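Structure first, commentary second.
The values are calculated or read from the model by the stated rules, or taken from the named source; none is laboratory data. Everything numeric here is computed off the predicted structure, so don't read it as measured data. Quick reminder, even Gly has a Cβ in these numbers, built from the backbone with ideal geometry, and neighbours come from all protein chains shown.
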């Protein structure tokens, strides 16, 4: 049986890790959530997407994928069965411990792949704190928001294409995980709540907006659209890592 090369830290021996660590300062941290993502997609969609995106990035650049934080702060969705939520303080403490361990082993560049909106501010707070230390760099890919500027010519349903479990998210899941996508249950649901004061931050539970966990037309999702969104997003992330962090693509490395 041939030995499998991997970019996941959890799949490496300590000797393999030592060898890989000699050639990279960059670690990718996937984070996600356990929450409703429409009736047609799994509760762990955010986590599944973050892991796969991290893998696709690490396949092209010299980076190691660290531990996945599978559960986030999903308190506003707890009316839907299966939701698991982590208190913000618990999430931050756990992530901080993970990052401190990785920093101990010499990592200086931390790239967070995070599709879950509830985690964004928490990661921002930790990243700002870490960057106070000399030589540390952090960046976060807020994935569902990140792909929106890169959807030209792909999506059809306008602004709601990027709403919860709608056209864009469904397309990405159909491409990455077709085995977990049940098109017999997808829906086209517009928000049932009309926010007359969108410029004011308010605190409504998610079931105020949707009965299904979907906002938008998930039935317009296709694997082809998902592939295009994924490819554009990966190219953009690689461009950032090359131009801003000077991390080379693997095919340009002399190993």
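Report yes if some residue within the stretch 70-89 is modelled with pLDDT of 95 or more, surrounded by fewer than 23 Cβ atoms within 10 Å (Cβ to Cβ) and within 30 Å of residue 246 (Cα to Cα); otherwise report no. Among the residues of the stretch 70-89, at least one is modelled with pLDDT of 95 or more, surrounded by fewer than 23 Cβ atoms within 10 Å (Cβ to Cβ) and within 30 Å of residue 246 (Cα to Cα), which makes the answer yes. Taking the listed residues 213, 226, the one that is touching a helix residue (DSSP H, G or I) at 6+ places or on another chain (Cβ under 8 Å), under 30 Å from residue 58 (Cα atoms) and either in a strand (DSSP E or B) or touching a residue at least 24 places away in the same chain (Cβ under 8 Å) (or both) is 226, with no other qualifying.
Considering only the stretch 1-11, how many residues are touching a strand residue (DSSP E or B) at 6+ places or on another chain (Cβ under 8 Å) and assigned to a loop (DSSP other than H, G, I, E, B)?
Total satisfying the criteria: 1.
The C-beta contact set for the stretch 238-255 (first residue at pLDDT 95 or above, second residue assigned to a helix (DSSP H, G or I), distance under 7 angstrom, 6+ apart or interchain) comprises 238/57. In the stretch 181-191, the count of residues that are farther than 22 Å from residue 75 by Cβ and in contact with a strand residue (DSSP E or B) (Cβ under 7 Å, 6 or more places away or on another chain) is one or more.
Just one of the listed residues (229, 241) is surrounded by 12 or more Cβ atoms within 10 Å (Cβ to Cβ) and closer than 21 Å to residue 160 by Cα, and it is 229.
Return the residues of the stretch 21-43 that are farther than 26 Å from residue 235 by Cβ, touching a residue at least 12 places away in the same chain (Cβ under 8 Å) and in a loop (DSSP other than H, G, I, E, B); say none if nothing qualifies.
Going through the stretch 21-43, the residues farther than 26 Å from residue 235 by Cβ turn out to be 21-22, 34-36, 38-40, 42-43.
Applying the additional criterion that residues be touching a residue at least 12 places away in the same chain (Cβ under 8 Å) yields 21, 34-36, 38-40, 42-43.
Residues satisfying the conditions are 35, 36, 38, 39, 40, 42, 43.
When residue 100 is tested against (1) at pLDDT below 95; (2) over 22 Å from residue 237 (Cα atoms), only condition (1) is not met.
Of the residues in the stretch 106-121, at least one is over 20 Å from the mean Cα position of the chain (by Cα), modelled with pLDDT of 95 or more and within 15 Å of residue 28 (Cβ to Cβ). Under the condition of being in a loop (DSSP other than H, G, I, E, B) and either touching a residue at least 40 places away in the same chain (Cβ under 8 Å) or surrounded by fewer than 17 Cβ atoms within 10 Å (Cβ to Cβ) (or both), the residues counted in the stretch 127-141 number 5.
Scanning the stretch 76-115 for residues that are farther than 30 Å from residue 62 by Cα and outside any helix (DSSP H, G or I) returns 78, 79, 80, 81, 82, 83, 84, 85, 86, 87. Here is the figure for the stretch 1-11: residues that are free of Cβ contacts under 8 Å to residues at least 12 places away in the same chain and under 19 Å from residue 98 (Cα atoms) total 1. Selection of the stretch 5-28 for residues being surrounded by fewer than 17 Cβ atoms within 10 Å (Cβ to Cβ), closer than 16 Å to residue 250 by Cα and in contact with a helix residue (DSSP H, G or I) (Cβ under 7 Å, 6 or more places away or on another chain) yields an empty set. Residues that are touching a residue at least 60 places away in the same chain (Cβ under 8 Å) and touching a helix residue (DSSP H, G or I) at 6+ places or on another chain (Cβ under 7 Å) within the stretch 81-98 comprise just one, 95.
Going through 211, 217 one at a time, which residue ends up being in contact with a strand residue (DSSP E or B) (Cβ under 9 Å, 6 or more places away or on another chain) and surrounded by fewer than 12 Cβ atoms within 10 Å (Cβ to Cβ)?
Details: 217 fails: surrounded by fewer than 12 Cβ atoms within 10 Å (Cβ to Cβ).
After ruling out the rest, the residue left standing is 211.
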